[in-house]
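Everything on this sheet refers to the single structure shown next.
The values are calculated or read from the model by the stated rules, or taken from the named source; none is laboratory data. Quick caveat, the model's predicted, so the values are computed rather than measured. With ideal geometry, Cβ positions are generated from the backbone for all residues, glycine too; neighbour counts draw on all protein chains shown. Each accessible area value is taken on the protein alone, full model and side chains, heavy atoms only, with ligands, DNA and RNA left out. Shrake-Rupley method; radii C 1.70, N 1.55, O 1.52, S 1.80 Å.
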Amino acid sequence: MTDRTPHQPRFVGARILRLEDPRLVSGQARHVDDLVLPGMLHLRLVRSQLAHATLASIDVSALHAGFPDALVFTGQDIGALGIRANSDLPSVQPCVQPILARERVRFVGEPVAAVLTTDSYSVEDAAETVFVDYDALPVLADIETALAPGAPAMFENWRGNLFIEQSRTGGDIAAARARARHVIRRTYRNQRQAGVPMECRGVIAALDPTGRILTVWSSTQIPHLMRTYLAQELNWQENRIHVIAPEVGGGFGVKGHVFAEDVLVAWLAIRTRRPIKWIEDRREHLIASIHAREHVHVLEAYVTAEGKILGLKADITVDVGAYSVWPFTAASDPGMVAKVLPGPYDIAAYEATYRAVATNKCPIGTYRGVGRPAAVFSQERLMNEIAIELGIDPITLRERNLIGQFPYTNILGYTYDKGSYAESLVKIRELVAPDVERARKPEKPHIRIGVGLALFLEQTAHGTPDFVRRRSPIETGYESAKVEMHPDATVSVDSGLQCHGQGHETTFAQLVADQLGILPADILVRHGNTVTSPYSVGTWGSRGITLGGGAAHRAAGIIRDKLIAIAAQHLQARPETIELADRQARVKGDPTRAIGVETLARWAQRNVENLPPGMEPGLIAISFVDGPPDGSYTNAVHAAVVEIDLSTGQIKLKRFVVVEDCGTIVNPMIVDGQVRGGVVQGIGSALWEHFVYDKDGQPLTTNFADYLLPSAPGLPDIEVHHIQTPSPVTPLGMKGLGEGGAIGPAAAIANAVENALGVPVQETPITPSRVWELIKKRKPIAAGGV
Amino acid sequence: MKPSAFKYVRAGSVEHACALLAEHGEDARLLAGGQSLVAMMNLRLARPSVLIDIGRLALADIAIGTGSVRLGALTRHRMLIEHLGLRRMAPVFGETARYIAHPTIRNHGTAGGSVAHADPTAEIPGLLVLLDGHVDAASQGSVRQIQGRELFRGAFSTSLKPQEMISALHFRIPAGRWGGNFLELAERVGDFALAAVGAVVERDGEQVTGARIVLLGAESVPVRASAAEASLVGERLTESVAAQAGAAAAAAQRCYGDVRASAGYRRHLLSELTRRALLTAYARAGAAA
Ligand SMILES: Cc1cc2nc3c(=O)[nH]c(=O)nc-3n(C[C@H](O)[C@H](O)[C@H](O)COP(=O)(O)OP(=O)(O)OC[C@H]3O[C@@H](n4cnc5c(N)ncnc54)[C@H](O)[C@@H]3O)c2cc1C
């Protein structure tokens, strides 16, 4: 009932400026590092310098001599506390990451000892004096070494080095193979990356003076999950832990985990009875927060002469590093690929085996797109290669395999709501037609132009069943909001989400303003605080607007109904005839019969004698919205135009075009911003970002001179076009879109490079050096459209 | 990412800076634009106990004479692009400086700091070697000249003594008809080069009367392609002559490989960039009055 669109939405769909921006761009925002508490101690971690070793001894005598006031704690002090992130799927080998390493270290950067002093400078000097003696162990630096017969096991009681190996199947793959005219088999690789939000991690924990309440300020995307985990691990009552995520300077999924440092800082605050502050530096962030990607996919497509894919077989291996992360576990990336590979295509038989391999590297966690950038890279590269092998135009090949009717239940049983897959292809074909033309007739002999595209789906706003199937600690997928109208008719919205760039403060205000007939400026959206908001699993998975926004919309709807009931009595009209707009409740079509929302709000809380008989006072409502069981499927197509210098390998991205469909758009400027930001990260995956380890597991790209992020001078303007196909299964037809931008670029750019050079691209990043290797493989081939 | 403790002194003059260097010896470091040193201190790759700030000394003058250019040690990278005299007399300075980092860094970074820092692919050291330059190395009571070719010892290593400070950089530019060109390739705009080449060509009519080629990315220091240079003198610089010179210049180099590029790719780039730089420099020399 409350899901209906209010009459003539005024703000949903409007291009209004972000309400949170003034404080963010004027330096008034306050992050964890801005918080200073009396008596605070600063934490510096001594981190492992070896990738794999037993800890022989930790010598703190120089520390005590040089810094008599410093405190130091090691794994012996903290004991068995850890990060336990194990799903109970049958093949899972469980593990625990100790909060401070005990007998053994498993990656460079793993916390070994905690040093505390009274300022952030001296603590770095002090930590340098802790001497750790290691006995080196053989290093499992890559998938091959870790899976080699006889390789040492990463954890006690493990057999081999797999966190998990599972498969997912649907349809008759043998029959598909038997009927196929072509079997096309390819291997694709995506590199290891770091997540790199602008603000690194940071945690402060402090007991209140009574010692009963532990408050944790953390730069996290998941305050409630952190509270639950801390309570469980520290054996505290959950009502006595408050987690507050103040301003968070970006997350991208990196901060959607509970880390060893979070538990450590809380434990130290309890143990020392002093506020503890830990601010991560960039080097620590790059080597020891979480990494992303590092996939190898072997795909085999069974295809008819006309290019129809009868079946797809996939073998998916991800190098997930040393530990399983909470709550998404080591299975997150490979499991996601196995789930989404069929994509927007109608494939009748599918078989995927996926595995997560343990190595002596930083653990892999969730980073914008989670598995899907790699899945789409493989899927969309494969579509191009099939097209080229069969001599079919790549768009036509996609069209021949596209899902036609909605809702559609795919081979794994996932039901897709409505999308615009075919329309988006038509639109992109038009948009890049001039570039395709230019690519056909290069103007300079040593310059080649290429056009490539990637069509994909982004499952968003998935509901609880999707998480139950994963059997990982995430467990659930709903979102919540509490809406309260105050006596002066201003409104507070408390969301369980945490906003770190998504613009919730604006879009939720737009949704609520329309429900209550007030202005976005009348609404204050608060978030990231377990004290004020109902339980929630936090901001990730492209769920914010659909579920969190949906919950705010519904909770506001409850208040709206109450305001209308009060107004109906006063105006002597039936509730259905009353609308809320312009801060008034009025009878539709009769503007003379109206009463101010402010009067209604005051009556509901201050002059309750005016309420209809039997109505409870108060204007507060809470709503919980779970996602559709299989989520809502946003679709997009990305197109890239590249220019390559055949004599140097230099690659320039000349144009990047997005056509996307996230259903009902609440604020077009915010959608464009989310898409562009994601695309830039995807371009980073395609062209530059690569976290490199050597054979000893030593990280080689530990600062921004070596870890190359995309930067503005190397980027084209990113053109964003929209199609709006409202979802029939979500509030207001909204679909998520937070991650999509990052999902398509690697595939689109690789396809463009293939188009330019006539050589397949099997690996990212596509650096000048790699382009040069591709150029050396060139042989004249027929150009194949886009 | 906090530097270890240090003392900060601001030098009032070159003499003062040299006196401070003499007093503190190897513990001291000069601070110019801070664009390399501060980052190294934060990473604790450099741990000076005394920081002598020379950033405000009046050492940013640019003087253009016949056949020479003199830069005060504190000339900011940006001035190499914007200085009108340089733009007219030796545009290769600006062309080279444009490859250094980004505008904010070019506003701070200095020619003296860049040369003293001696990054293997830094542009200004390349220019110094290309233009047969030298630096004035001041110490308490004396100044000595160090030729560019002798200055660079290896990556981040120079023949400057701990008590010496660069006060000026001198470059030799041809007196007659000449053209220059500097080309580089990096992954992103503003990155240190994978490979870069500078070329200067003097000509008389169609004939090359002098050529200089510097290669960055071949060794840990900028190197001149002397044999290729010599082979060009007396030639008409055609496409094929340029290509041969490029190939010869690159073939003579060992080149290094790392995570960014293989040795083979670097060698190829040096060859191609040399070819292109020579052709452009030759054409510019032809157009010069
Ligand atoms: C993001 C980024 C990108 C960059 N990209 C490039 C690039 O592409 N190419 C490039 O060439 N550089 C690049 N740089 C470095 C930049 O050019 C620096 O400015 C330069 O290398 C050092 O100059 P500085 O004045 O900042 O010196 P500082 O950082 O102040 O000092 C550097 C070193 O030189 C010493 N020193 C400084 N002045 C003198 C002097 N007069 N006599 C003796 N010793 C001295 C210092 O003691 C110190 O050891 C980049 C820097 C950054 C931050």
Enumerated strands (runs of 3 or more DSSP E) restricted to region B:13-107, each holding at least 2 residues that are within 12 Å of the ligand (Cβ to nearest atom) = B:28-31, B:50-53, B:68-72
Residues that are away from every other protein chain (no Cβ under 14 Å), open to solvent by less than 50 Å² (accessible area, probe 1.4 Å) and out of contact with any Asp or Glu (no Cβ under 8 Å at 6 or more places or on another chain), drawn from region B:2-17 | B:SER13, B:VAL14, B:ALA17
Does any residue of region B:137-147 turn out to be within 11 Å of the ligand (Cβ to nearest atom), under 13 Å from the mean Cα position of the chain (by Cα) and of a type outside the set (Phe, Trp, Tyr)?
-> no
Here are A:PRO138, A:PRO94, A:PRO90: which of them is modelled with pLDDT under 95 and either part of a loop (DSSP other than H, G, I, E, B) or within 14 Å of chain B (Cβ to nearest Cβ) (or both)?
-> A:PRO90
If you go through region B:156-172 one residue at a time, do you hit one that is more than 16 Å from the ligand (Cβ to nearest atom) and either over 14 Å from the mean Cα position of the chain (by Cα) or open to solvent by 30 Å² or more (accessible area, probe 1.4 Å) (or both)?
-> yes
Counting only helices (runs of 4 or more DSSP H) wholly inside region A:336-449, the ones holding at least 1 residues that are in the same structural domain as A:SER685 (by TED's automatic domain parsing), small (Gly, Ala, Ser) and farther than 21 Å from A:SER167 by Cα are A:372-390, A:421-440
Name the pairs: first residue in region B:18-45 and away from chain A (no Cβ under 14 Å), second residue open to solvent by 60 Å² or more (accessible area, probe 1.4 Å) and part of a helix (DSSP H, G or I), Cβ to Cβ under 6 Å, at least 6 apart or on different chains?
-> B:GLY33/B:HIS108
Might you let me know whether region A:700-714 holds any residue that is more than 16 Å from the ligand (Cβ to nearest atom) and more than 11 Å from chain B (Cβ to nearest Cβ)?
-> no
From the list B:LEU151, B:LEU127, which one is within 30 Å of B:ALA287 (Cα to Cα) and open to solvent by less than 10 Å² (accessible area, probe 1.4 Å)?
-> B:LEU127
Does B:LEU74 satisfy the condition of being assigned by TED's automatic domain parsing to the domain that holds B:ILE124 and crowded, with 17+ Cβ neighbours inside 10 Å?
-> yes
Here the residues within region A:241-294 that are within 14 Å of chain B (Cβ to nearest Cβ), outside any helix (DSSP H, G or I) and crowded, with 20+ Cβ neighbours inside 10 Å are A:LYS277, A:TRP278, A:ILE279, A:GLU280
Members of region B:186-201 found to be within 11 Å of another protein chain (Cβ to nearest Cβ) and over 14 Å from the mean Cα position of the chain (by Cα), listed by number = B:ALA186, B:GLU187, B:ARG188, B:VAL189, B:GLY190, B:ASP191, B:LEU194
Count, please, the residues in region A:661-694 that happen to be more than 17 Å from A:PRO713 (Cβ to Cβ) and among the charged types (D, E, K, R).
-> 3
Search region B:110-136 for residues that are within 14 Å of chain A (Cβ to nearest Cβ) and over 18 Å from B:ARG29 (Cβ atoms) and pair each with any residue that is within 8 Å of the ligand (Cβ to nearest atom) and open to solvent by less than 10 Å² (accessible area, probe 1.4 Å) when their beta-carbon atoms are under 6 Å apart and the residues are at least 6 apart or on different chains.
-> B:THR121/B:ALA193
Are any residues in region A:550-566 closer than 21 Å to A:ALA461 by Cα and open to solvent by less than 10 Å² (accessible area, probe 1.4 Å), and if so, which ones?
-> A:GLY550, A:ALA551, A:ALA552, A:HIS553, A:ALA555, A:ALA556, A:GLY557
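Give A:TYR188, A:TYR229 a once-over and let me know the one that is open to solvent by less than 10 Å² (accessible area, probe 1.4 Å) and over 30 Å from A:GLY503 (Cα atoms). Walk me through how you get there before you give the answer.
Values: A:TYR229 fails: over 30 Å from A:GLY503 (Cα atoms).
Sole residue among the options that is open to solvent by less than 10 Å² (accessible area, probe 1.4 Å) and over 30 Å from A:GLY503 (Cα atoms): A:TYR188.
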Taking region B:220-233 as the search range and keeping residues that are open to solvent by 10 Å² or more (accessible area, probe 1.4 Å), in contact (Cβ under 8 Å) with a residue 40 or more places away in the chain and more than 16 Å from the ligand (Cβ to nearest atom), which one is nearest to the other protein chains (Cβ to nearest Cβ)?
-> B:VAL223
